[in-house]
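Report on the following structure.
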Amino acid sequence: MSARGLPDSSATLPEADFLFGELSSYLKPEDISELQNAYLFSKSAHSGQFRKSGEPYISHPLAVASILGKLRLDPQTLTAALLHDVMEDTHVSKTEISNRFGKPVAELVDGVSKLDKIEFQTHADAQAENFRKMLLAMARDVRVILIKLADRLHNMRTLEAMRLEKRRRIARETMEIYAPIANRLGLNNIYQELQELSFRYLFPTRYRVLANATKAARGNRREVVTKILDAIKQRLQAGGLDAEVTGREKQLYSIYKKMAEKHLTFSEVLDIYGFRVVVKNVPSCYIALGALHSLYNPIPGKFKDYIAIPKANGYQSLHNTLWGPYGTPIEVQIRTADMHRIAEAGVASHWLYKSTDADINDLHMKTHLWLQSLLETLSDSTDSLEFLEHLKVDLFPGEVYVFTPQGKILALPKESTAVDFAYAVHTDIGDCCVAAKINGENAPLRTNLRSGDRVEIVTASHAKPNPSWLNYVVTGKARSHIRRFLKTMQYEESARLGERLLNQALMSFKVDPQTINASQWEKLARESGAKSKKDLLADMGLGKHLPVVVARRLASPGESASGTNRISDVITILGTEGMAVQFAKCCRPIPGDSIVGFIKKDQGLVIHIHDCPAISKNRGHLDNWLDVAWGKDIARQFEVNIKTVVANERGVLARVAAAIAGAGSNIDNVAMEGEGAYTTMNFMLQVRNRYHLAQVMRGLRRIPEVAKISRMKG
Ligand code: MN
């Protein structure tokens, strides 16, 4: 928007004098002089740059500050407005701004510069909504958005200087993104002006036709408006009400929209007259409404009480439509001065420069309350000054907005990770993801994403979902797909275990598994209600069918295993069976323990310590029990529970932890309880086997403060 040219003169622009004159109506002299410093700094930084219109560049930051000054914003916001383009256009650093004008101002300028960097690429409706949310989420401090909106408003006012194509693009972006944001924040005047200007540049012909038609009609209207205005004023005065009454001119865009949406003709839309009544307090609103009803009859079904039930953006007013003279409808809005201020300035009324007026505090309170409900902030401060300290308002606390490599925006729940993102893009990408790149840099899959991140997922064709992902994914889609995958994996593993169990059972019937042919398998599967041989094997692995029963059916009918149906052979546990074999959480068996296996329906083979108290009640179900034994050289680690009682001495926990680590074990978890002289610590440790556990316990016993130590089983 700027071009290098001749350096401009050092004289202060008349616009600047005008701005500071206006601001002195509500700011202290020291604030004004601080703002003058910012102006001079910005002016020299932008010196030699010009707007497309030919004006010196500094005229733009001045205009932006003046828009915000009309909203009576605080000096920090105004300073940042004067400086808002220096980081982008003149390479002044954030540090320099921070040193000269303080950190809050530097944060605001930085926030605006960051928003300038993200570009709105696609035009689908859903994307526009996401983009709006992303802007708001990225801005954090609402004042950044206020500056951005004022910046956009001035750029729209001076859009004429741009090329046609650029005008269209900026106008569309304003209509789709910035005007709705202004509306959401309750900045009514900015919202309407942005809309009007966008309409003008998006649809120049329609705009011109409507503008001419309205101009022509206005002459006839003026007489009617004056007549109604006088009648309303008189009636309110007669009712003892101190009120300010104004006629409202309709925006061309709202006329256009009404014509398009309600299929009305131009004159039908234009023949509705609008009036606004501003009174002192809430009771007066209802009294004024009554007075107007006695003047003109209300049209049934049109009354809206936004005082009792405010709009989501905090707007409050009474609305009604009356039958005016000549049968023309009259729309009236009745509100208090406070409500009017909120209707005009919305969220900006928070940063109203502090006034001595006690009513302002009340207004702050009220606007704060609605902002809270609007933004669902966690801040519970009701003091406006304290509220100013907590400006980092998270506008959408529940969501983050991130880019795909194609520039599409995805909305994800807060705390979402790269894995959630991968599944949100496509299930296949989720299933095969191995790494992520966030903003071009490598990042772990578990990284929490932040709004504005550009995320790229690295996949590998043989990669598989990892069960540990379940610990940190937050989206339902990721969770359910990982679970589904694990289920399939469990199926494979169960089928392998089922085959081992069946083979062992067949041996006890002296049947060679190799001799069973396909048709026998098919028949058997059908009789068992399974779809295939593999399904049947998986069912056995999962304990849905008992291997001994299946084996008996496979063996020649009538022939029984030598004297007993019990399987005498021992199943070897290798610790590598995956999900088909589980180690009971009640007793946590480890290699070296004497163990038993129990086939539990839908869970497969569960290994317990032979005297685990949790299983004694199941002793009767003989068929479900299997003899199991540990295999040789089991390499994996097992979890085991240890309870220690230690004297409360300084540093004892560190010594206990060191002893455990010294014995080559890891602590998975620790829970502590107790008071007084002793503390009970329950550890969950990783050990290889009983021998390893014995080493760990020996190490612990050497610590003098350890009074008691035992392994917990059940
Ligand atoms: Mn700008």
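Considering every residue within the range 183-195, establish whether at least one is within 16 Å of the ligand (Cβ to nearest atom), over 27 Å from residue 316 (Cα atoms) and not assigned by TED's automatic domain parsing to the domain that holds residue 281.
Within the range 183-195, not a single residue is within 16 Å of the ligand (Cβ to nearest atom), over 27 Å from residue 316 (Cα atoms) and not assigned by TED's automatic domain parsing to the domain that holds residue 281.
So in the range 674-695, with the set limited to residues that are of a type in the set (Val, Ile, Thr) and open to solvent by 10 Å² or more (accessible area, probe 1.4 Å), which one is modelled with the highest pLDDT?
This residue is 680.
For the range 82-101, how many residues meet the condition of being of a type in the set (A, V, I, L, M), in contact (Cβ under 8 Å) with a residue 40 or more places away in the chain and farther than 10 Å from residue 42 by Cα?
Residues that pass the stated criteria total 0.
Tell me, which residue of the range 140-166 that is touching a residue at least 24 places away in the same chain (Cβ under 8 Å) and farther than 19 Å from residue 57 by Cα is most open to solvent (accessible area, probe 1.4 Å)?
140
Could you please find all residues in the range 413-426 being open to solvent by 10 Å² or more (accessible area, probe 1.4 Å) and either among the hydrophobic types (A, V, I, L, M, F, W, C) or closer than 13 Å to residue 456 by Cβ (or both)?
424, 425, listed by residue number.
Show the residue pairs meeting these rules: Cβ distance below 6 Å; 6+ apart or different chains; first residue within the range 466-477 and on the phi < 0 side of the Ramachandran plot; second residue part of a helix (DSSP H, G or I) and open to solvent by 40 Å² or more (accessible area, probe 1.4 Å).
From residues that are on the phi < 0 side of the Ramachandran plot, the pairs are 473/479.
If a residue counts only when it is open to solvent by 40 Å² or more (accessible area, probe 1.4 Å) and farther than 26 Å from residue 181 by Cα, which helices (runs of 4 or more DSSP H) contained entirely in the range 246-334 have at least 2 such residues? So that I can check it myself, show each step before the final result.
Working: elements: 252-262, 266-270, 282-295.
Of the helices (runs of 4 or more DSSP H) lying wholly inside the range 246-334, those with at least 2 residues that are open to solvent by 40 Å² or more (accessible area, probe 1.4 Å) and farther than 26 Å from residue 181 by Cα span 266-270, 282-295.
Table: residues versus (1) among the polar types (S, T, N, Q); (2) more than 21 Å from the chain's Cα centre (by Cα); (3) modelled with pLDDT of 80 or more.
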site: 113; (1), (2), (3): yes, yes, yes
site: 118; (1), (2), (3): no, no, no
site: 144; (1), (2), (3): no, no, yes
site: 171; (1), (2), (3): no, yes, yes
site: 191; (1), (2), (3): no, yes, yes
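Please go through the range 72-91 and pick out each residue that is open to solvent by 20 Å² or more (accessible area, probe 1.4 Å) and either within 12 Å of the ligand (Cβ to nearest atom) or not charged (D, E, K, R) (or both).
Listed by number, the residues that qualify are 75, 76, 87, 88, 89, 90, 91.
Taking the condition surrounded by 22 or more Cβ atoms within 10 Å (Cβ to Cβ), on the phi < 0 side of the Ramachandran plot, within 15 Å of the ligand (Cβ to nearest atom) and assigned to a helix (DSSP H, G or I), does residue 35 pass?
The answer is no for residue 35.
The values are calculated or read from the model by the stated rules, or taken from the named source; none is laboratory data. Remember, predicted model here, so these are calculated numbers, not experimental data. Don't worry about glycine lacking a Cβ; one is built from the backbone with ideal geometry, like all the others, and counts go over all protein chains shown. We work out accessible area using only protein heavy atoms, side chains counted, and drop any ligands, DNA or RNA first. Shrake-Rupley method; radii C 1.70, N 1.55, O 1.52, S 1.80 Å.
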